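Worksheet for the structure shown next.
The values are calculated or read from the model by the stated rules, or taken from the named source; none is laboratory data. Keep in mind that what you see is a predicted model, and the values were worked out from it rather than measured. All Cβ positions, glycine included, derive from the backbone under ideal geometry; neighbour counts span all protein chains shown.
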Amino acid sequence: MENTSTSIQSQYSAALVAAIGELQNVAKTASNPYFKSKYAPLEAIVDATRPVLLKHGLAITQAPLFMEGMAGVETTIIHEAGHSTTTTLLLPLKDQSPQGVGGAITYARRYSLAAVCGLATEDDLDGNEHLPVKKEETRPSVARAMDKSPTARATAVVTATWRGVLPSQAKVAAQSKEGSARVWTLYCIEFNDNGKLIEAFTFDEKLFKQATQYGTDGILTDAGVCPNKKDPSKWELVSITPSEA
């Protein structure tokens, strides 16, 4: 004879299978403008699942949780015969304000309820929703100006010379965006002028390589510069030669 515990578990399993078999995905009527996705709101999921669950002797309770800086819910499926199962979902918090905690708990309730009922209630983002949002690259103002007007550039003329400066760092500051009409690379050369760091930009790869080599060899240089025409607050590197001093 089947023992009482096994019988109760069997009733629970049969009821849950029957209920899930009747449940249907809930319409995604809410929008998340941040991720440009749609989802079914919590109240819609509750309204759609509760009658079907009750029909089969099932109920779901969700208890809020707050633990070690995370918030979420403990979701329990209960059968009228006495058997139950519990799952826990905790989410990291952006902030621990009442609004931040409440938002995390609401999200956890919605996500957990849909999951235990076997429902798909959100757009599939391949997990990207939970990854840190990648901030757009901080582009120098010279590069932003080139993005807007990627036309051929006039030859620059030296208006000042930094004498006896050592190239301390040479790097790529920005590049043309994919699909741009004109392909370019903006280089940034940082010079050490007796302990003071100053920088100049150039689109000339040859100047970039020269500065890199002089810096590697520890050679002091005379750097011919001028204000950049697209952003006069920035210096443009026009020439670089070993210092005569």
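Go over the candidates Val157, Val183 one by one and state the one that is surrounded by fewer than 17 Cβ atoms within 10 Å (Cβ to Cβ) and touching a residue at least 60 places away in the same chain (Cβ under 8 Å).
Only one candidate passes the filter, namely Val157.
Can you confirm whether Thr86 is under 27 Å from Gln9 (Cβ atoms), in a strand (DSSP E or B) and without any contact (Cβ under 8 Å) to a residue 24 or more places away in the chain?
Answer is yes for this residue.
Restrict the check to the range 142-158 and report whether at least one residue is over 22 Å from the mean Cα position of the chain (by Cα), within 24 Å of Lys229 (Cα to Cα) and modelled with pLDDT of 85 or more.
Yes; the residues of the range 142-158 include at least one that is over 22 Å from the mean Cα position of the chain (by Cα), within 24 Å of Lys229 (Cα to Cα) and modelled with pLDDT of 85 or more.
Can you tell me which of (1) exposed (fewer than 11 other Cβ atoms within 10 Å of the Cβ); (2) free of Cβ contacts under 8 Å to residues at least 12 places away in the same chain is the one Arg144 doesn't meet?
Single failed check for Arg144: (1).
Could you go through the range 109-131 and let me know if any residue there is at pLDDT 70 or above, charged (D, E, K, R) and closer than 30 Å to Pro92 by Cα. Don't jump to the end; show me each part of the working.
Here is the first cut: in the range 109-131, the residues at pLDDT 70 or above are 109-120.
From what's left, charged (D, E, K, R): 109-110.
In the following step, the residues that additionally are closer than 30 Å to Pro92 by Cα were identified as 109-110.
So far as the range 109-131 goes, yes, one or more of its residues are at pLDDT 70 or above, charged (D, E, K, R) and closer than 30 Å to Pro92 by Cα.
Restricting to the range 209-225, name every residue that is within 15 Å of Ser243 (Cβ to Cβ) and outside any loop (DSSP other than H, G, I, E, B).
Gln210, Ala211, Gln213, Tyr214, Gly215, Asp217, Thr221, Asp222, Ala223, Gly224, Val225
Restricted to the range 83-106, and to residues that are among the small types (Gly, Ala, Ser) and surrounded by 12 or more Cβ atoms within 10 Å (Cβ to Cβ), which residue is modelled with the highest pLDDT?
Of the range 83-106, the ones among the small types (Gly, Ala, Ser) are 84, 97, 100, 102-104.
Retained after the next criterion (residues that are surrounded by 12 or more Cβ atoms within 10 Å (Cβ to Cβ)): 84, 100, 102-104.
Numbers: Ser84: 91, Gly100: 80, Gly102: 85, Gly103: 84, Ala104: 86.
Looking at the filtered set, the residue picked out is Ser84.
Which members of the range 1-35 meet the condition of being at pLDDT below 80, surrounded by 10 or more Cβ atoms within 10 Å (Cβ to Cβ) and not hydrophobic (A, V, I, L, M, F, W, C)?
Passing the criteria: Thr4, Ser5, Asn25, Lys28, Thr29, Ser31, Asn32.
Would you be able to say whether some residue in the range 186-208 is assigned to a helix (DSSP H, G or I) and crowded, with 17+ Cβ neighbours inside 10 Å?
To start, the set of residues in the range 186-208 that are assigned to a helix (DSSP H, G or I) comprises 205-208.
Now drop any that are not crowded, with 17+ Cβ neighbours inside 10 Å, which leaves 207-208.
Within the range 186-208, one or more residues are assigned to a helix (DSSP H, G or I) and crowded, with 17+ Cβ neighbours inside 10 Å.
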